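Read-outs: derived from the displayed coordinates by stated rules, not from any lab. Since the model is a prediction, treat every value here as computed from it, not as a measurement. Cβ placement follows ideal geometry from the backbone for every residue including glycine, while neighbour counts extend to all protein chains displayed.
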């Protein structure tokens, strides 16, 4: 299974964007993306010329729509037909998510802590979530140079809190891309690990996101494996109770060649951190000359683990990349 560079939040002139779908696709291709999700506000009409534009640009366009309401914005991806957003009220977003799932799509919180009314109508998430198992992902990085923004830091903490609560939920980035404007700010990419032999790219992307097979970065691609005596577990996998161990070998790999020439962090002084519900369980310095890093980590009490890559960017120490989690079944469930 390969890793595919995706932009998961974009708009055209069919909503409030200032670009056509062709311009969006050409811009995404130039930035090294393999696919882009068109998520216009409350409409899917921008997908009309999708097939011809895919053929012209060689870029995959994933169907989507951003539910834009007074109580929050929810990105839906993978739908082949329109699902009406208008009945969604502050206490019944779950009914909307169920309709999305019934038609083969997935749903995620968009920029949940962005400033809301009156600056950005409904951008701040106010929908009541009664069951976090229903939500597929949280957009924890939004916009360009997302790692330094305070609203994204809150969204990232929200994701971590839900992982600590025992929920298996994915984290993504999204530029919320509206126009072909030049920027020298770092751009984030959500890499999805697609099961390439089954279905369309859209179907594969939906399955990957639903399973949490995702890694987010402003530069190099970071991946993670957890190894026991019996098995190797990848991002999005769950270690079953019968394979729980007192310790595991965690293997982090960093690919510095992805989107080569489209990003750079001189004097980055990279640091890999293994973060978990137990806190920090491993750290190593990293360099572009070394691809693989190994850690011995504790297994007792472990619910989830992810890899984070920190470094210097624009004279700031910040997170450069992070993986989604590998999970472990709760020991208490079998007591």
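Packing around the peptides 310-318, 102-110, taken as the average count of other Cβ atoms within 10 Å per residue, puts them in this order, highest first: 102-110, 310-318.
Matching the structure-derived semi-axes √(5λ) of the Cα gyration tensor in Å against the labelled list (1) 35, 23, 19; (2) 47, 23, 17; (3) 31, 24, 19 gives the label (3). Ordering of 32-43, 76-87 by packing is 32-43, 76-87, highest average first (other Cβ atoms within 10 Å, averaged per residue). Considering only 91, 174, 219, the mean-square fluctuation computed in a Gaussian network model of the chain, springs between alpha carbons under 10 angstrom, is largest for 91. Sorted fewest first by neighbouring Cβ atoms within 10 angstrom, 141, 132 come out as 132, 141. Based on DSSP H segments of at least four residues, each scored -39500 (n - 2.57), the chain has a per-residue ellipticity at 222 nm of -5000 deg cm²/dmol.
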